[in-house]
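Have a look at the structure below, then the notes.
The values are calculated or read from the model by the stated rules, or taken from the named source; none is laboratory data. Everything quoted here is computed from the prediction, not taken from an experiment. Ideal geometry is used to build each Cβ from the backbone, glycine not excepted, and the neighbour counts take in all protein chains shown.
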Amino acid sequence: MAHFSIDELRNLGISLPNNPKNIQISKKTSLYNPHLMAFGDNIRIDDFCILSGKIIIADFIHISAFVALYGGSNKGGIEINSFSTISPKATIFATNDDFSGEFLISPMVHKIFCNVKEAKVLLNTHTQICSNATILPGVVCGKGTVLGAMSLLKNSTEEFSIYAGIPAQKIKNRSKNILKLEQEFQRFLSRNNDMGGGIAKNEA
């Protein structure tokens, strides 16, 4: 798989760490308005993903093939915090049209005839979005959230909880053992000094 070089990413206007490490973004990824994007270290974005608008990605993130992230402008945006993953064909919207019939719908129509709404989507640490799931604008995924395959998430979630369905509802609690594993992993990094660092993120 061919990846963008660090220089290529910087030339696109993407904000990167001062000394970026292990950033693997497929050249088959489509990047729209990349000057609104910021990436941390140890991230991988696979083939045929679409990233559009304001998107902030922290450290140790994997975005699988065919994922679509629509961040919109600075009014909205998508923020993905560390140790999160997004599985194939999942979609996150931080922007949405008005389907009431009171406005036109199309990016090809002047904005004065449309009513596009934007609201930030936040994935806190250890969020896992499964295949073909959809997240709508304004959602905050609490730390440790899992969203099951084929689910539609309209509302914010509790920490360390598993959600599924259309619309998604909480089905069970999730183990917090991943926090212990994260600490062990960070100690491993401090001993090996070959990965880590990046842009810091504040959780909700």
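Can you say whether Ala94 is buried (at least 22 other Cβ atoms within 10 Å of the Cβ), modelled with pLDDT of 95 or more and farther than 27 Å from Asn18 by Cα, as far as the supplied structure shows?
For Ala94, the condition - buried (at least 22 other Cβ atoms within 10 Å of the Cβ), modelled with pLDDT of 95 or more and farther than 27 Å from Asn18 by Cα - is met.
Under 6 Å between Cβ atoms, which residue pairs at least 6 apart in sequence (or on different chains) link something in region 55-80 that is touching a residue at least 24 places away in the same chain (Cβ under 8 Å) and closer than 22 Å to Asp97 by Cβ with a partner that is buried (at least 24 other Cβ atoms within 10 Å of the Cβ) and hydroxyl-bearing (Ser, Thr, Tyr)?
none
Would you be able to tell me the number of residues in region 133-155 that are crowded, with 19+ Cβ neighbours inside 10 Å and touching a Cys at 6+ places or on another chain (Cβ under 9 Å)?
The qualifying residues number 5.
Which condition breaks for Ile92 when tested against (1) out of contact with any Lys or Arg (no Cβ under 8 Å at 6 or more places or on another chain); (2) farther than 17 Å from Ile25 by Cα; (3) in a loop (DSSP other than H, G, I, E, B)?
Among (1) out of contact with any Lys or Arg (no Cβ under 8 Å at 6 or more places or on another chain); (2) farther than 17 Å from Ile25 by Cα; (3) in a loop (DSSP other than H, G, I, E, B), the lone unmet condition for Ile92 is (3).
For Thr95, indicate whether it is within 16 Å of Ala133 (Cα to Cα) and of a type in the set (Ser, Thr, Tyr).
So Thr95 fails the test.
Residue-by-condition table, conditions (1) crowded, with 22+ Cβ neighbours inside 10 Å; (2) among the aromatic types (Phe, Trp, Tyr); (3) in a helix (DSSP H, G or I); (4) modelled with pLDDT of 95 or more:
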residue	(1), (2), (3), (4)
Leu9	no, no, yes, yes
Lys28	no, no, no, yes
Ala38	no, no, no, yes
Arg44	no, no, no, yes
Phe48	no, yes, no, yes
Ile56	no, no, no, yes
Glu79	yes, no, no, yes
